[in-house]
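Here is the structure we will look at.
The values are calculated or read from the model by the stated rules, or taken from the named source; none is laboratory data. Every value quoted in this text rests on a predicted model; they were computed, and no experiment measured them. Positions of Cβ are backbone-derived with ideal geometry, glycine not excepted, and every protein chain shown enters the neighbour counts.
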Amino acid sequence: MAAAAKAGEATLRHAFGNVLSFFILLLIGVLAFSIRLFSVIKYESVIHEFDPYFNYRVTQFLTKNGIYDFWNWFDDRTWYPLGRVIGGTVYPGLTLTAGTIWWLLNSLNIPLSVETVCVFTAPIFSAFASWATYLLTKEVKGAGAGLTAAALLAMVPSYISRSVAGSYDNEAVAIFALIITFYLYIKTLNTGSLFYATLNAIAYFYMVCSWGGYTFIINLIPMHVLLCIVTGRYSSRLYIAYAPLVVLGTLLAALVPVVGFNAVMTSEHFASFLVFIILHVVALVYYIKGILSPKMFKVAVTLVVSVGLVVCCAVIAILVALVASSPTKGWSGRSLSLLDPTYASKYIPIIASVSEHQPPTWPSYFMDINVLAFLVPAGIIACFLPLSDASSFVVLYIVTSVYFSGVMVRLMLVFAPAACIMSGIALSQAFDVFTRSIKFQLLRILGFSEADAGDGSSANVVPENDAVKVDKSEETIKERPSRKNKKKEKEQMEKAQAEKTSAKSKTEKRLLVLPMELSVIGLLLLVFMGAFYVVHCVWAAAEAYSAPSIVLTSYTHEGLHVFDDFREAYAWLRHNTEVDDKVASWWDYGYQTTAMANRTVIVDNNTWNNTHIATVGTAMSSPEKAAWEIFNSLDVKYVLVVFGGLVGYPSDDINKFLWMVRIGGGVFPHIKEPDYLVGLLLLFVETDGKGFDRVRRTEIGKKYFKLTHFEETVYLENFLPHYIYLLTVITRQRGREQAHPAQKEADHERRILGSRK
Amino acid sequence: MAKLLLYLTLATSLIPLFSVAFSPENPTDRRVLVLVDDFAIKSSHSLYFGSLTSRGFQLEFKLADDPNIGLQRYGQYLYDALVLFCPSVERFGGSIDVASIVDFVDSGHDLIVAADSNASDLIREVATECGVDFDEDPAAMVIDHINYAVSNFDGDHTLIASDDFIKADVILGSKKIEAPVLFQGIGHSLNPANSLVLKVLSASSSAYSANPKSKLSNPPSLTGSAISLVSVVQARNNARILITGSLSMFSNRHEKSGNEQFLTEISKWVFHERGHLKAVNVRHHKVGESDEPAIYRINDDLEYSVEIYEWSGTSWEPYVSDDVQVQFYMMSPYVLKTLSTDQKGHYSAEFKVPDVYGVFQFKVEYQRLGYTSLSLSKQIPVRPYRHNEYERFLPAAYPYYGSAFSMMAGFFIFTIVHLYSK
């Protein structure tokens, strides 16, 4: 009777817990969505920054022309005159996602504009990502840790920085895809279900569609598999989790046009194939071990190991030969700069010139993950108590992502979910310990017997059960190789084992009781830390990461001032120039020019052709006449130059000028960087005498000059961060230059942007 | 007074309606402004002006320092061509200055500048803007002690005779100029780097430029055939300019010389009665189709055609030549092909689009001495194959298809055998 009541109470509590979890998750989703709306509320519902404009333009094309035209889209309005095969060079995941959402809403008669859908794709997917985090962490350490991790991820600033409303970039959906892929991998590993393995391959396919960062998955999972094999944790579940992923995943990845044969031909994918082979060898070894007697097995081992070694050596030799025959050793520049952080700045200025490819500074860790940085070590320790397949995966995930985030600021984004999971585990375990000790102490103070107190600990039924499950799986792993697949026997064994371990853990838990005061203080401190984190995240979302960067704001004594000159400049281009006119600018503004002004550009943010960018860099850093000739050969009509000296906008073309020189000089050796430096100061020219290099805090070298080959056409508002020069065709050639010695000298000295000494 | 003003405005506003102005369809100049130092030039140079009016030009004579002269009104140019027969003017009247003359040329209008031995700095400045440098010594004249005019022997040999013409029928007409041209004035030199200016009449190798009144103390800066007497410029916008250092060359005095024929022919050229080409009906399409596509695919076969006509002064005649070439151009020409002509002005060529995608241009860059330059470019993107334009089954891949399907079949049979055999 009493037992039945207790059981009923337990199911009720279970159901209540599930409902509560569901509502918590729902609220976490709402939180993740709404914390990213600061940008819409503070500014407006617009696409942000540079790359999102390209994605937006592609999405517009997709919704207008359909998927086949998108696949075969040859864009003649960028990279003039080379053009760009958009369908084959773009990761289509984000575009297809937003396009599908738009199509779905429209077929439900909800007529939203494409732009609106694009703006809100990232917040929606960050809600999905936090749910995926819940699932992943739940698989690792139980629902409590899952909920904590999901809540942390919903507002981690690092992720917010890439997924505020309007930040319509690949990462917005890719982080969700990354986490869901990891979840499905862990789920398959825990259950050994082929169903989840297939889902895992599909999730991996979505990730490949979405982001180039998929190589992280296809290297991390093999690493984990190898780790499991090396530590003797091989099981058929591991095989099921990995082998279908490699086969199906590689096949699916090869379907994405931008990846194509790269899925089997570049070094980034080789690790997965190597581990695939090793896994099969190990599986064969276990199989043979199972069917042979120990003595025969010893003989077989020597045979198999020697044969396997020979095969492995052969394969490795072939791989090495293949890789060595390619000039970059088969690694793309961005990947090489991951392994050798100094690689990019040494050899590829175009990669080093992007600020998000720089290594982060320490403050940026505090800014981007805040208190999680302190919780992560605790989480790692918690993962070792006890170590399961799942928790070892999470540990591996965080270790590798810490390394990668240290190489590139941008990869902080991959590190953030790992940090959230770890911190979630740490927080949840800490709360667990503290609340349990408080409860235990309270019960003792109130005078209950030891036995009742023991029953009272069933409040922690969920984590306990999970701990049992984890223990169980661990045991089975250790047990399995030594016995054959007889189900009944196994289950009996497991049941006995489970009872034993639960009894053991109960007694252990009673020993792990902390003093009451310490627990209360610890709880309070944890709550304070959480509160600090929330405050920081809201501040970061509202102040630091919500600016759309196409609109600049400044606070003056008169109040908030908004500079909308970028959009005004693009609007000017759109309304005042011919449809086929070409606009040259530094590549940062390429995507925006094509999307907002609908004019052909020479280079854009998809930096696929270094020579073309170097040509523009050379033109920008050449004397006026030479620059005119370069631009004229590219049929350029307008040159867009950003100058922030007057309003104090630091990331203008003067800031970027040194990169123009470096990138230009990398291809055209007559551009030499030292020519543009005098001592440590850069020499620059500006027309209005207000030239000032904001970043280097130096006044530019040349001021007050006249342009002969270019003509200023737009003088925007009173702040003029933009100059657009019209290229004039010189109809006559002047005679006698000696007649104007001053002019001649000026001709020699003049540069569009820079001046040699 | 008010009535007069009204008439004036009416008259001026109607001028564009009555006169046939320069236009792309009718490129000969009609309205010519002649600026003179004094109106005596009108009678002393009447032969030259007479040949212009007889060809239908409307000459408007104004004093160079007339305060009411202007080249444009309300943004519209009032004249198609400007003749500066005012070598000594120090300042133009009205709104005309060097910059406005330069703008006049830059907007495609023609110009004749005649300097003289006492040429002012203003006229020199105009010439310099056009790429011609007069001798810097203000008193210098071209002297030739061998090829001087016998008729006017006054001892200093400044009236020289020259027959060193440019060899271009399109500039000087197909009829040979029999007698040498008599020239008295200052010489000029051309910057060798300047590709737009042409030496039409150069001095003989025995000529030099110096002050005839003073003794020659140091060697003259300009000597021999480096001295240009008459030069023409064809700007990149096809505006034509004639510059000479002698105003008296145009006068009625030199009756027996070749001056009249030379000047008539060259002013035909300057005023676009000759050597003006136009290209129309630029078309391209795939072979076998007639519609112009918006985009080509790599390896398409296409046909390009253009019609070229030459202006004869009264009508457009077919231009016949065998050296017109079309380029299929993307940063460099991928295809360069000579167009074949049907002798009626229609040029065409067929070629295959190269196996490179990108934004190409059909380019015709036709620059021949004396002719207006034809520079046609038409942008056309070339795309790669669509996903379904490749071959579906490659013969070379049949072993792979075979291996894949045999593997599937083998696996199926193996499964059956493994599961159901005892």
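Which of the strands (runs of 3 or more DSSP E) contained wholly in segment B:115-223 include at least 3 residues that are more than 23 Å from B:VAL102 (Cα to Cα)? The strands (runs of 3 or more DSSP E) meeting that bar are B:141-144, B:160-162, B:181-183, B:207-210. Going residue by residue through segment A:21-29, is there one that turns out to be under 30 Å from A:THR594 (Cα atoms), among the polar types (S, T, N, Q) and either away from chain B (no Cβ under 14 Å) or in contact with a His (Cβ under 6 Å, 6 or more places away or on another chain) (or both)? No, segment A:21-29 has no match at all.
Only one of the listed residues (B:SER88, B:SER100) is out of contact with any Ser or Thr (no Cβ under 8 Å at 6 or more places or on another chain), in the same structural domain as B:SER246 (by the TED database), of a type outside the set (A, V, I, L, M) and farther than 21 Å from B:TYR208 by Cα. That residue is B:SER100. Restricting segment B:148-163 to residues that are buried (at least 18 other Cβ atoms within 10 Å of the Cβ) and over 16 Å from B:LEU247 (Cβ atoms), the residue that is modelled with the lowest pLDDT is B:ALA149.
For every residue, the table says whether it meets (1) surrounded by 15 or more Cβ atoms within 10 Å (Cβ to Cβ); (2) closer than 15 Å to A:SER39 by Cβ; (3) at pLDDT 90 or above.
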{"position": "A:PHE532", "(1), (2), (3)": "no, no, yes"}
{"position": "A:VAL535", "(1), (2), (3)": "no, no, yes"}
{"position": "A:SER546", "(1), (2), (3)": "yes, yes, no"}
{"position": "A:VAL551", "(1), (2), (3)": "yes, yes, no"}
{"position": "A:TYR555", "(1), (2), (3)": "no, no, no"}
{"position": "A:GLU558", "(1), (2), (3)": "no, no, no"}
{"position": "A:ASP565", "(1), (2), (3)": "yes, no, no"}
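Within segment B:337-360, the set of residues being surrounded by fewer than 18 Cβ atoms within 10 Å (Cβ to Cβ) and at pLDDT 90 or above comprises B:LYS337, B:THR338, B:SER340, B:HIS346, B:SER348, B:GLU350, B:PHE351, B:LYS352, B:PRO354, B:ASP355, B:VAL356.
Considering every residue within segment A:555-577, establish whether at least one is within 14 Å of chain B (Cβ to nearest Cβ) and acidic (Asp, Glu). Checked against the condition, which is being within 14 Å of chain B (Cβ to nearest Cβ) and acidic (Asp, Glu), segment A:555-577 yields no hits at all.
Filtering A:ILE41, A:ILE110, A:ILE101, A:ILE35 for residues that are within 26 Å of the chain's Cα centre (by Cα), farther than 29 Å from B:ALA294 by Cβ and free of Cβ contacts under 8 Å to residues at least 12 places away in the same chain leaves a single hit, A:ILE41.
Exactly one residue among B:ASN211, B:ASN118, B:ASN218 is more than 21 Å from B:PHE262 (Cβ to Cβ) and without any contact (Cβ under 8 Å) to a residue 24 or more places away in the chain, and that residue is B:ASN218. When segment B:369-395 is filtered for residues that are without any contact (Cβ under 8 Å) to a residue 40 or more places away in the chain and more than 14 Å from chain A (Cβ to nearest Cβ), the ones remaining, listed by number, are B:GLU391, B:ARG392, B:PHE393, B:LEU394, B:PRO395.
Within segment A:25-64, if we keep just the residues that are surrounded by fewer than 17 Cβ atoms within 10 Å (Cβ to Cβ) and either more than 23 Å from A:LEU94 (Cα to Cα) or of a type in the set (S, T, N, Q) (or both), the residue that is modelled with the lowest pLDDT turns out to be A:LYS42.
B:GLN361 satisfies every condition listed in (1) away from chain A (no Cβ under 11 Å); (2) closer than 29 Å to B:PRO27 by Cβ except (1).
In the condition set (1) of a type outside the set (D, E, K, R); (2) closer than 30 Å to A:ASN55 by Cβ; (3) in contact with a Lys or Arg (Cβ under 8 Å, 6 or more places away or on another chain), A:ALA203 is compliant with all but (3). Apart from one condition, B:TYR398 fits all of (1) within 14 Å of chain A (Cβ to nearest Cβ); (2) surrounded by fewer than 12 Cβ atoms within 10 Å (Cβ to Cβ); (3) among the hydroxyl-bearing types (Ser, Thr, Tyr); the exception is (1). B:VAL170 meets all of the listed conditions (1) surrounded by fewer than 23 Cβ atoms within 10 Å (Cβ to Cβ); (2) in contact with a Gly (Cβ under 7 Å, 6 or more places away or on another chain); (3) within 11 Å of another protein chain (Cβ to nearest Cβ) but one, namely (3). For segment B:54-105, filtering for residues that are aromatic (Phe, Trp, Tyr), more than 24 Å from B:GLN234 (Cβ to Cβ) and without any contact (Cβ under 8 Å) to a residue 40 or more places away in the chain leaves 2.
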